Amino acid sequence: MSETLPGPAPAPTTDAVPPRTIASITEALDVARSLLPSISEGAAERDRDRVLPHGPVREISRSGLLGITVPRELGGLEAPASVVAEVLRLFGTADLSLAQILQPHFSFLNALRLRGGRPARERVYGDVLAGSLVSNAQAERSGRTAHTHATRIEPDGDHHTVDGTKYYATGSLFADWLAVVAPAPTPEGPRPHIAFVRADDPRVRIEDDWAGMGQRTTASGTVHLSGVRVAPEFVLEQYRTFEGPTTYGAHAQLLHTAIDVGAARGALEEAAEFVRVKSRPWFESGVDHATEDPLLVHRFGELEVLVRSAEALLETAAARVDAADTTPVDEDPGEAEAATAEASIAVAAAKVVGGRAAVDVSSALFEVAGTRATADAAGLHRHWRDTRTHTVHDPVRWKVQHIGEYSLNRRRPPRHGQI
């Protein structure tokens, strides 16, 4: 049996510096804010040259933020979804790509919370408290839809074997653990499972091959798994997550939303700084400085309203997810169903507006800042490229569809992890 267990857990993201222990929500948010200057520094250059953020990822690992959702019984802070969302929103204001590296980390730690047994929770959570990063190996390209999986998790004696290829694996080049999503046999046929696999397993190969127009530094690679042996306790029955009311999908989508909303705020702030320092007034305005142009001031007002609307919806959605997470399923299943449905709808609404705000503001940046802002050396186009790329992860038109069904027909949203 011992050969099926993951080996000792080196923590390459930590450089042997032990992470701090974060003792409170206030401390967690203060730590996140303290990291913003170093995350912002060099973000445009990293994007321009596609230099992966090794330094910022090490800083985040050492900061203790990676472990804030670990349950208290296992030594963590057990921070709620709203706190994680705020951390990612803050990071999104500085570097959307870096914030995106953390989204699968927290999403799959949530999956471990919901479906993991004691041995897996102790091992993975323990590594995370020591600074390890969890990444995903989820998406595939060969099936009829993005949710059609050719990768398989198969029982093989006293262990499971994982074979397949995963694409767009965000953060995988920095990962210590990979959460591999794939079907495994059940009495009812193949159903979705999650296998937690060490990224340094010799039967895992990760290609640095991401070539998107945006999110150039998310450390996304193609993950090849060839006969990877996994102990049964590290294979989670993910399909059972959707048999009852949980916030798994709302939680994951909340974090995506937080990144978009943060990116919208970051783009607006950079646009304002550019106008204050570099832009010239339009000759018809009759003013000496661009900041005094009444039409420009009005446009900034419109953009500020849009960003504040997205921020307000994000805050409301995060509160709904927290409320659903604390609604006991066993005591009142009906109340739990209603709470999780409301959480999903609130997150969906925030994601629609947050995504629109991110794309609209990052595009309007050039409108308000002027021709100088389009210079390649300015690096401002990364905001639009990043937001445009991130907001196509899953279509908001289906969010609007589910919101409409809930509003008009009182149909609760489906359980599939995307809402």
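The values are calculated or read from the model by the stated rules, or taken from the named source; none is laboratory data. Just so we're clear, the structure is a prediction, and the values are computed from it rather than from any experiment. Backbone-built Cβ (ideal geometry, glycine too); neighbour counts: all protein chains shown. Surface areas here come from the heavy atoms of the whole protein model, side chains and all, with no ligands, DNA or RNA. Shrake-Rupley method; radii C 1.70, N 1.55, O 1.52, S 1.80 Å.
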**Request:** Check segment 96-103 and report whether any residue there is of a type in the set (Gly, Ala, Ser), assigned to a helix (DSSP H, G or I), within 13 Å of Ile39 (Cβ to Cβ) and open to solvent by less than 10 Å² (accessible area, probe 1.4 Å).
**Result:** yes
**Asked** Hey, does segment 122-133 have a residue that's more than 24 Å from the chain's Cα centre (by Cα) and open to solvent by less than 40 Å² (accessible area, probe 1.4 Å)?
**Response** no
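Can you confirm whether Gly64 is surrounded by 21 or more Cβ atoms within 10 Å (Cβ to Cβ), closer than 18 Å to Val321 by Cβ and at pLDDT 95 or above?
no
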**Item:** Qualifying residue in segment 175-194 (condition: hydroxyl-bearing (Ser, Thr, Tyr) and open to solvent by 10 Å² or more (accessible area, probe 1.4 Å))
**Value:** yes
**Message:** What pairs come out if I take residues in segment 313-340 that are among the basic types (Lys, Arg) and pair them with residues that are part of a helix (DSSP H, G or I) whose C-beta lies under 8 Å away, six or more apart or interchain?
**Reply:** Arg320/Ala250; Arg320/Ala339; Arg320/Glu342; Arg320/Ala343; Arg320/Ala346; Arg320/Val347
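Here are Ala338, Ala343: which of them is buried (at least 16 other Cβ atoms within 10 Å of the Cβ) and either at pLDDT 95 or above or closer than 24 Å to Ala146 by Cβ (or both)?
On the way: Ala338 fails: buried (at least 16 other Cβ atoms within 10 Å of the Cβ).
Exactly one residue qualifies, and that residue is Ala343.
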**Prompt:** Across segment 394-411, what is the number of residues that are touching a helix residue (DSSP H, G or I) at 6+ places or on another chain (Cβ under 6 Å) and hydroxyl-bearing (Ser, Thr, Tyr)?
**Reply:** 1
**Fill in**
Over segment 118-154, the set of residues in contact (Cβ under 8 Å) with a residue 12 or more places away in the chain and β-branched (Val, Ile, Thr) is Val124, Val128, Val134, Thr151, Ile153
**Message:** Of all residues being open to solvent by 10 Å² or more (accessible area, probe 1.4 Å) and not in a loop (DSSP other than H, G, I, E, B) in segment 205-224, which is farthest from Asp49 (Cα to Cα)? Just the residue, please.
**Reply:** His224
**Prompt:** Of all the residues that make up segment 393-418, how many are aromatic (Phe, Trp, Tyr) and closer than 18 Å to Gly355 by Cα?
**Reply:** 1
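Give the number of residues within segment 370-419 that are of a type in the set (A, V, I, L, M), open to solvent by 40 Å² or more (accessible area, probe 1.4 Å) and in a helix (DSSP H, G or I).
Residues that pass the stated criteria total 5.
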